[in-house]
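Single-structure report; data block below.
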Amino acid sequence: MRTSLIYRNGTVYEVLMRALYGRHYTARYRAIAELIPEGASAIDLCCGPATLYTRYLRRKSVVYTGLDLNERFVARVVEAGGRGEVWNLRSDDALPPADYVIMQASLYHFLPEPRPVIDRMLAAATKQVIIAEPVRNLATSNNPVLATIGKRFTDAGDGEQAHRFTEQTLDEFFAEYGPRVVRQSLIAGGREKLYVLTA
Ligand SMILES: C[S@@+](CC[C@H](N)C(=O)[O-])C[C@H]1O[C@@H](n2cnc3c(N)ncnc32)[C@H](O)[C@@H]1O
């Protein structure tokens, strides 16, 4: 599978994410981890190298499953003691059930039609669906290196993704889920927006 540089190796991915989020890097994971109680089950879609699990959820004995297209990332989840499955989330297959179904920084991979994946998440969750999505597009960063990463390095193995959300387009999208949206707030210094939906 051919992917962008950022997705080739878990360590490269983490170094680039640290550069992109700077001092807000840990806050993006903490904001989600705080919502998952000790011992709950969680499925993390597009889990990447499972930093959410290894640094935050493992110590809370969360029963964690990471799904990702990238077999190297899934292998890291399994090595770290979680469950991991290679899964193309564009497929219509029903997701495994869990108390919490999470997706961070990945909804843009499903544009222009992100509804089917959200609906599968709602069907799988017994408690909540948690989504955090970037709302500051790095492609417009003043830092030319970060801008290049934001524009070009988005290919997870199934094509480059040119479209991104803004805070306004995300708010409009989640407004369609009406009262199911029980919380929405900016996290990680305003770089991502978090939405919590009841299952
Ligand atoms: C920006 S990373 C986010 C990783 C992690 N959630 C985080 O916040 O650190 C996007 C992830 O989505 C995965 N991905 C992209 N398209 C996918 C698809 N169709 N099915 C499954 N995973 C996909 C990529 O392999 C990558 O790990």
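Quick notes on this one:
- Selection over the range 9-51 of residues that are near the ligand (Cβ under 10 Å from one of its atoms) and under 18 Å from Glu79 (Cα atoms) gives a count of 11.
- Some residue of the range 57-70 being within 14 Å of the chain's Cα centre (by Cα), near the ligand (Cβ under 7 Å from one of its atoms) and assigned to a strand (DSSP E or B): yes
- Residues in the range 1-11 that are part of a helix (DSSP H, G or I) and modelled with pLDDT under 80: Leu5, Ile6, Tyr7, Gly10.
- Restricting attention to the range 71-102 and to residues that are assigned to a loop (DSSP other than H, G, I, E, B) and surrounded by 15 or more Cβ atoms within 10 Å (Cβ to Cβ), the residue that is nearest to the chain's Cα centre (by Cα) turns out to be Leu89.
- Residue under evaluation Ala19, criteria (1) in a strand (DSSP E or B); (2) hydrophobic (A, V, I, L, M, F, W, C); (3) at pLDDT below 95, criterion not met: (1)
The values are calculated or read from the model by the stated rules, or taken from the named source; none is laboratory data. Just so we're clear, the structure is a prediction, and the values are computed from it rather than from any experiment. Counting neighbours? That spans all protein chains shown, and the Cβs are built from the backbone with ideal geometry, glycine included.
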